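Each remark here refers to the structure printed beneath this line.
What follows is calculated from the coordinates using simple rules that are stated; it is not laboratory data. Computed from a prediction, not measured in an experiment: that's the story for all the values here. Note: ideal-geometry Cβ built from the backbone for every residue, glycine included; neighbour counts use all protein chains shown.
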Amino acid sequence: MNNIVADPALEAQPNFESDAYAGWLNALVNAGIARADALTQMIDGWRRERQEHMDLWQEQVENETCAERELEERTRAERELEEENERREAEKKKPKINDFDANTLVADVLVPRPSQFALQKIKNMEYVELWYFSPDGCRDAFDSSRSSAEDTFGLTKVDGFIAFKPVSSFKASQKALQDHDLSWCQFNIAKTSFLVHIEKCAWPEKHQQALALFFMLITNHKHRMRPQGEKTLLRYAGLVRREWHDCLAQNQGFNIGIFNGSLYSTLSDDICEAERDEGIRLVRLLIP
């Protein structure tokens, strides 16, 4: 049935004695029904039909109201879902800061901060020279950060977003030294800072322990006080640590915490031979 376009309760009763209903009235009278009874039948019939329309109208209104309510509820739910998604996206982009213990003081000793280049290497668990963790390396990082306002900026990806960062923070320092070129004091300080930073970056415990043992065996080696002992140990430390990272990258890692005496002896012989050759060369230069 088609929808009713207007409320039947508002319809006025027709005048059944008018010319518009004369044919219907005459048909009833000709059928032997008194005129007054015929008019009553016509009025009763109209009222019954009107009541049916009113009942249908009420049902139609309720259905439309229910449909509108469902549409409003669905629209509200979609709007709330969209707002929740927008809130979550905004929360993802919002800078995060961790909580702190109100009863904890700053440490008595602060470890010098190396350059962003070195820290990124540590974060990626890649090889980086110990010089960056030495006092000279940290001082160079501090001096570079003070001049970053005049530095050239480049694009980098940070937490899924493209950002500008000083180009110097991506680059290795031109002042960086190989591990074997460090002084014994620089090496000793740098390796301690290095171990602190790999712990902060949550390197695997197995790797941290192996590196800690590696450095301990070198700094406490019995040959340290021999002529060229420290030089040989620094050479061993630099070569072995770089080889360790290279092998890890190829999934061929070895235990760096086990000291290889044979390799150390070979390096010691090479250094002694090189110094002997240099001494002979200098003597020859002095002989007329």
*the chain - percent relative contact order, Cα under 8 Å, separation 6 or more*: 12
*asked:* What are the ³J(HN,Hα) couplings of the range 32-39, residue after residue, when phi is run through the Karplus curve with 6.51, -1.76, 1.60 and θ = phi - 60°? Round to Hz, x for glycine and proline.
replied: x, 9, 4, 4, 5, 5, 5, 4
_With at most 16 other Cβ atoms within 10 Å, longest stretch of the chain clear of loop GluC sites (Glu not before Pro) (DSSP)_ = 127-288
*Residue-wise HN-Hα coupling along the range 123-135, computed from phi with Karplus coefficients 6.51, -1.76, 1.60 (Hz; x: Gly, Pro)*: 4, 7, 6, 10, 5, 8, 5, 5, 3, 4, 9, 7, x
*Would you indicate which of (i) 14.2; (ii) 36.6; (iii) 15.1 is the value of mean projected area of the Cα convex hull in nm² derived from the coordinates of this structure?*
(ii)
*Is the shape of the range 168-259 best called rounded, prolate or oblate, per the rule: a/c under 1.5 gives rounded, else a/b larger than b/c gives prolate, else oblate, with a ≥ b ≥ c the square roots of the Cα gyration tensor eigenvalues?*
oblate
_Loop-only chymotrypsin sites (Phe, Trp or Tyr not before Pro) in the range 47-151, please: DSSP not H, G, I, E or B, and at most 11 other Cβ atoms within 10 Å._
Phe100
*Among Asp101, Asp277, Asp140: highest mean-square fluctuation, GNM of the chain, C-alpha pairs under 10 Å*: Asp101
*Find which of Ala27, Gly253, Trp57 sits farthest along the positive direction of the dipole of the chain, computed with +1 on the beta-carbon of Lys and Arg, -1 on that of Asp and Glu, about the Cα centre.*
Gly253
*Along the charge dipole of the chain, Cβ charges K/R +1 and D/E -1, which of Leu213, Phe16, Leu282 sits furthest on the positive end?*
Leu282
*Phi to ³J(HN,Hα) by Karplus 6.51 cos²θ - 1.76 cosθ + 1.60 over the range 198-208, Hz, x for Gly, Pro*: 5, 5, 4, 8, 6, 4, x, 4, 4, 5, 4
*Using 7 Å Cα-to-Cβ label points, what is the Glu72/Leu56 separation (nm, one decimal)?*
2.8
*Counting Lys and Arg as +1 and Asp and Glu as -1, each charge on the Cβ, what is the dipole of the range 8-92 about the Cα centre in debye, to the nearest 20?*
560
